[in-house]
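Beneath this line is the structure, given in structure tokens, with notes to follow.
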Amino acid sequence: MINTGKCPKCETKISNVKLENISVSAGFGRETWRGISYLCKSCNTVLSVQIDPISISSEILEAIAKKKNY
Ligand SMILES: [Zn+2]
């Protein structure tokens, strides 16, 4: 797919997207992950989905903090 900068459904030019928290099931050795989906602000079409990068970095920081306590 070529990135035209427009929503593939309603063809509104995308300069801003809406985020939604979702659950991503099964993968990389875990039952669920916190995920986010990116939606077209105009028609709510899902443009992309990914594992929430902020929750991943928080989990890494928590794991490091736990190790430092030993
Ligand atoms: Zn749209």
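The values are calculated or read from the model by the stated rules, or taken from the named source; none is laboratory data. What you are looking at is a predicted structure, and each value in this text was computed from that prediction instead of being measured. With ideal geometry, Cβ positions are generated from the backbone for all residues, glycine too; neighbour counts draw on all protein chains shown. When the accessible area is computed, the model is the full protein with side chains, heavy atoms only, and any ligands, DNA or RNA have been set aside. Shrake-Rupley method; radii C 1.70, N 1.55, O 1.52, S 1.80 Å.
When residues in the stretch 19-70 are screened for being outside any loop (DSSP other than H, G, I, E, B), within 16 Å of the ligand (Cβ to nearest atom) and surrounded by 12 or more Cβ atoms within 10 Å (Cβ to Cβ), 8 of them pass.
For first residues located in the stretch 7-19 and touching a residue at least 40 places away in the same chain (Cβ under 8 Å), partners that are open to solvent by less than 80 Å² (accessible area, probe 1.4 Å) and not polar (S, T, N, Q) and lie 6+ apart or on another chain with Cβ distances below 8 Å form the pairs Cys7/Ile14; Cys7/Cys40; Cys7/Cys43; Cys7/Leu47. Residue-level analysis places Thr4 among those that are surrounded by 10 or more Cβ atoms within 10 Å (Cβ to Cβ) and at pLDDT below 90.
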